[in-house]
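The values are calculated or read from the model by the stated rules, or taken from the named source; none is laboratory data. All values reported here derive from a predicted model rather than from experimental measurement. Glycine gets a Cβ as well: all are built from the backbone with ideal geometry, and neighbour counts include every protein chain shown. Note: areas computed on protein heavy atoms with side chains; ligands, DNA, RNA excluded. Shrake-Rupley method; radii C 1.70, N 1.55, O 1.52, S 1.80 Å.
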Amino acid sequence: AQVEGLHFQVSAALREGRVSPAELCQRCLSLIKGTKFLNAYITVAEETALRQAEESEKRYRRGQPLGVLDGIPVAVKDNFNTAGIETTCASNMLKGYISPYNATVVQKLLDQGAVLLGKTNLDEFAMGSGSTDGVFGPVRNPWSYSRQYKEKSVPKSHSEDKESNWVITGGSSGGSAAAVSSFTCFAALGSDTGGSTRNPAAHCGVVGLKPTYGLISRHGLIPLVNSMDVPGILTRCVDDAAVVLGSLAGHDPKDSTTIQDNFKPFELPNLTDVSKLSIGIPKEYHAPGLSSEILALWSKAADLFKDAGAKVIEVSLPHTRYSIVCYHVLCTAEVASNMARFDGLEYGHRSDMNKSTESMYAATRREGFNDVVRGRILSGNYFLLKQNYENYFVKAQKVRRLIANDFVKVFRSGVDVLLTPTTLTDAVPYMEFIKEDNRTRSAQDDVLTQAANMAGLPAINVPTALSERGLPVGLQFIGRSFQEKQLLSVAKWFEKQVKFPMIQLEEVKRHEHGVFQHQKSASFS
């Protein structure tokens with residue numbers, strides 16, 4: 001079952017009455033129960049989801065669906081505020097916190113008739129690259145249970161097989177990526193500050209889009225790094241990502257950093273001729289630690305464009321090698337300032353320590369935050385100290401400008417889209433991943449993705465092939481600012497060429513019957 005021919009499937013099935021929104025919702029909910037071991041969801045909003053599905057059903061009966069997304073089950077990362085549904089950020093600090101309002105992106109999905117199944121797991125406050133550091137435990141990559149991986153991985157002993165062989169999803173939006181990859185929903189929201197949507201998308205074999213900074217509202221996304229955060233979109237094919245983008249993009253009076261002009265949703269053309277395209281291959285992305293397998297795949301992808309008549313040129317982004325250090329300084333500084341709001345006074349966890357307000361603050365933050373979050377707050381405040389401010393924060397801002405200018409120069413030279421790897425390797429087994437601390441891991445794993453955040457550019461992960469271990473590998477396309485249509489058109493052409501294989505989930509097979517085939521399709525649009 002390839003991407004072509006599966007178009008308009010679920011949406012058309014809903015319109016033609018072959019499947020009802022309530023059936024679709026029920027099926028997804030029972031699949032969530034059947035794949036509970038993945039730990040992809042923190043909260044499942046069963047009652048509200050079924051209620052939304054019933055409303056959707058009434059609209060379809062009247063022949064007045066709200067659009068392509070009406071009745072489509074979606075999931076949302078647990079750092080977006082949802083009215084009436086707990087929002088935890090996978091932290092003790094916000095356990096039990098129920099927001100009084102919806103994030104703008106959540107509201108827009110609901111306004112389009114989408115059915116919100118629940119909130120997905122993440123690294124605490126989205127700080128991490130494995131989705132292993134939240135208080136609700138790590139997310140397991142659905143591919144660990146796929147026939148493709150099982151056939152390739154030979155357990156050393158029988159007992160070891162089941163438990164320690166599973167691989168991570170990447171992060172920090174691992175729950176959303178796992179949810180889309182295991183068919184429990186059709187699209188999910190993640191957030192992307194340094195690669196948190198593209199990284200898990202690559203490891204879980206799904207499409208992960210980080211739009212241009214300011215194209216989608218951040219209102220109601222609990223902030224990590226205000227100047228880099230962007231809500232991300234995870235789907236099973238590029239067309240679906242374009243549909244979701246169309247319903248989310250545009251100005252929001254509640255977020256002053258969003259674009260002023262109206263955004264026109266677009267249908268992606270079927271590119272047949274890529275001869276007018278210029279694809280840039282940044283040589284600096286041949287980074288230390290890049291696996292030979294991914295390097296070969298990257299070259300093969302470049303050849304694919306070349307053979308189809310596109311112009312493929314090596315380009316240079318000379319400041320790339322400073323970007324991860326620069327990112328670390330800016331990221332921790334903004335984190336330190338953002339985390340100041342969690343003081344135990346207004347909302348979230350409050351310590352019983354009542355000797356003084358000061359001691360209550362300190363105890364609340366010690367009890368509420370994990371080591372990773374506290375560590376980033378400490379380094380951020382260090383970089384912001386009066387005696388360090390010029391040397392670290394201001395200098396990093398200057399380097400950030402140089403990094404952004406590198407991209408501007410390359411795009412001015414006539415390059416349309418950059419092609420790079422998304423991750424250095426395929427997904428690592430959990431047992432191996434936790435041998436290194438979060439900071440080391442994040443620095444390694446963000447190296448190919450965070451520059452797009454610093455420059456505010458749109459970037460997308462497209463699943464490309466399976467590694468020798470039977471795990472997904474993705475490649476990244478980076479586009480010009482606000483040129484999502486061009487970026488997604490190129491990604492769609494590429495997706496069609498590579499024909500990435502469907503995940504064969506043994507566990508899911510047992511839950512299958514009849515119309516469930518719709519769900520196996522890559523797309524809903």
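Structure values in brief
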| item | result |
| --- | --- |
| Set of lysines with alpha-carbon distance to Lys95 below 28 Å, sequence-local pairs under 8 removed | Lys33, Lys36, Lys77, Lys108, Lys119, Lys210, Lys254, Lys355, Lys435 |
| Average Cα contact separation per residue, the chain, under 8 Å, 6 or more apart, as relative contact order % | 20 |
| Nearest-10 value in Å² for the accessible area of Arg400, using the 1.4 Å probe | 40 |
| Surface per residue (accessible, 1.4 Å probe) for segment 43-105, Å² | 40 |
| Gyration tensor verdict on segment 432-471 (Cα atoms; rounded if a/c is under 1.5, prolate if a/b is larger than b/c, oblate otherwise) | oblate |
| Accessible area per residue, Å², segment 245-290 with all protein chains present, probe 1.4 Å | 58 |
| Mean Cβ count within 10 Å, highest first, over the residues of peptides 174-182, 483-491 | 174-182, 483-491 |
| Cα gyration tensor shape of segment 255-307, rounded if a/c is under 1.5, else prolate or oblate by comparing a/b with b/c | oblate |
| Computed log₁₀ I(q)/I(0) - Debye formula, equal Cα scatterers, no solvent, segment 1-101, q 0.14, 0.18, 0.19 Å⁻¹ | -0.66, -0.96, -1.02 |
| Packing-based order for 23-33, 429-439, using average beta carbon neighbours within 10 Å, highest first | 23-33, 429-439 |
| Along each principal axis, Cα extent of the chain, largest first, Å | 63, 59, 53 |
| Sulfur and carbon atoms: percent of accessible area, the chain [1.4 Å] | 52 |
| Leading residue at positive end of dipole, segment 354-492 (Cβ point charges), from Ile377, Ala459, Leu448 | Ile377 |
| Alpha carbon convex hull of segment 265-342, volume per residue in cubic angstrom | 185 |
| Relative frequency of Cα-Cα separations exceeding 27 Å in segment 22-162, percent | 32 |
| Gyration tensor verdict on segment 120-277 (Cα atoms; rounded if a/c is under 1.5, prolate if a/b is larger than b/c, oblate otherwise) | oblate |
| Interchain or long-range residues, amide H under 5 Å from Asn121's placed H | Tyr41, Ile42, Gly175, Ser176 |
| Expected 222 nm ellipticity per residue - DSSP helices of 4 or more, -39500 (n - 2.57), all of the chain, to 500 | -11500 deg cm²/dmol |
| Cβ-derived FRET efficiency at R0 45 Å, Gln260 paired with Lys33, nearest 0.05 | 0.50 |
| Residue-normalised accessible area of segment 413-466, given per residue in Å² at a 1.4 Å probe | 30 |
| Heavy-atom accessible area ranking, 1.4 Å probe, most first, across Thr440, Thr320 | Thr440, Thr320 |
| Residues with amide H under 5 Å from that of Gly474, placed H, sequence gap 5 or more | Thr422, Thr423, Thr464 |
| Beta bridges per DSSP with both ends in the chain, % antiparallel, nearest 5 | 70 |
| For segment 363-369, Karplus couplings with θ = phi - 60° (6.51, -1.76, 1.60), whole Hz, Gly/Pro x | 5, 4, 6, 5, 6, x, 9 |
| Segment 86-190, relative contact order [Cα under 8 Å, separation at least 6], % | 26 |
